[in-house]
Ligand code: 5GP
């Protein structure tokens, strides 16, 4: 399930500034912004600036610096939004069975209130 990266996907357009977003955080590796259809009181998307479709794509092709930069940025965003105290959930949808809508690798950061059990 490895499809080619589509440079016209919505998140690529957001990264190029062609579509606006409610930005939460940005550095050389990532952009984080509020999801347009929030599924929790806080629902932020963290996306790498590089062109990756899936987790496998990202983890295999991104440089070590980019992987570290992305991983740290997710933690930083959770902290800066005040989610560390009461907790939060990270989700990444990959491919058709997961319902991935936007083919640019991303992590959903959900919190700000009880989320209910997903697994367990
Ligand atoms: P996926 O199903 O690919 O994991 O999630 C894609 C997410 O992107 C969805 O939660 C959807 O609400 C969000 N989304 C889709 N289009 C836009 C947009 O134009 N702007 C923002 N901020 N979020 C979007």
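Being in contact with a strand residue (DSSP E or B) (Cβ under 8 Å, 6 or more places away or on another chain) and not in a loop (DSSP other than H, G, I, E, B) is the filter here, so list the residues in the stretch 59-72 that pass it.
Those that are in contact with a strand residue (DSSP E or B) (Cβ under 8 Å, 6 or more places away or on another chain) and not in a loop (DSSP other than H, G, I, E, B): 66, 69, 70.
Filter the stretch 98-107 down to the residues that are out of contact with any helix residue (DSSP H, G or I) (no Cβ under 8 Å at 6 or more places or on another chain) and surrounded by 12 or more Cβ atoms within 10 Å (Cβ to Cβ), then identify the one that is farthest from residue 52 (Cα to Cα).
100
Working only within the stretch 31-51, note down all residues that are over 27 Å from residue 113 (Cα atoms) and either within 13 Å of the ligand (Cβ to nearest atom) or free of Cβ contacts under 8 Å to residues at least 40 places away in the same chain (or both).
Listed by number, the residues that qualify are 49, 50.
Let me spell it out: the conditions are (1) within 14 Å of the ligand (Cβ to nearest atom); (2) surrounded by 17 or more Cβ atoms within 10 Å (Cβ to Cβ), and residue 62 meets all of them except one. Which number is the exception?
(1)
Of the residues that sit in the stretch 73-97 and are out of contact with any strand residue (DSSP E or B) (no Cβ under 9 Å at 6 or more places or on another chain) and not in a loop (DSSP other than H, G, I, E, B), which one is surrounded by the most Cβ atoms within 10 Å (Cβ to Cβ)?
Across the stretch 73-97, the extreme among qualifying residues is 75.
Here is a list of conditions, (1) over 27 Å from residue 4 (Cβ atoms); (2) part of a loop (DSSP other than H, G, I, E, B); (3) within 14 Å of the ligand (Cβ to nearest atom), and residue 113 meets all of them except one; can you say which number that is?
(3)
Considering (1) more than 11 Å from the ligand (Cβ to nearest atom); (2) within 14 Å of the chain's Cα centre (by Cα); (3) outside any loop (DSSP other than H, G, I, E, B), say which one residue 56 fails and leave the rest.
The failed condition is (2).
With the requirement that a residue be farther than 22 Å from residue 64 by Cα and either touching a residue at least 24 places away in the same chain (Cβ under 8 Å) or more than 13 Å from the ligand (Cβ to nearest atom) (or both), what does the stretch 18-30 give you? Working first, answer last.
Taking the stretch 18-30 and keeping what is farther than 22 Å from residue 64 by Cα, we get 18-24.
Within the stretch 18-30, 24 is the sole residue that qualifies.
Does residue 110 count as within 21 Å of residue 40 (Cβ to Cβ) and crowded, with 18+ Cβ neighbours inside 10 Å?
Against the criterion (within 21 Å of residue 40 (Cβ to Cβ) and crowded, with 18+ Cβ neighbours inside 10 Å), residue 110 qualifies.
Rule-based calculations on the coordinates, nothing more; no lab input. Keep in mind the model is a prediction, meaning the values are calculated, not measured. All Cβ positions, even for glycine, are placed from backbone atoms using ideal geometry, and neighbour counts span all protein chains on display.
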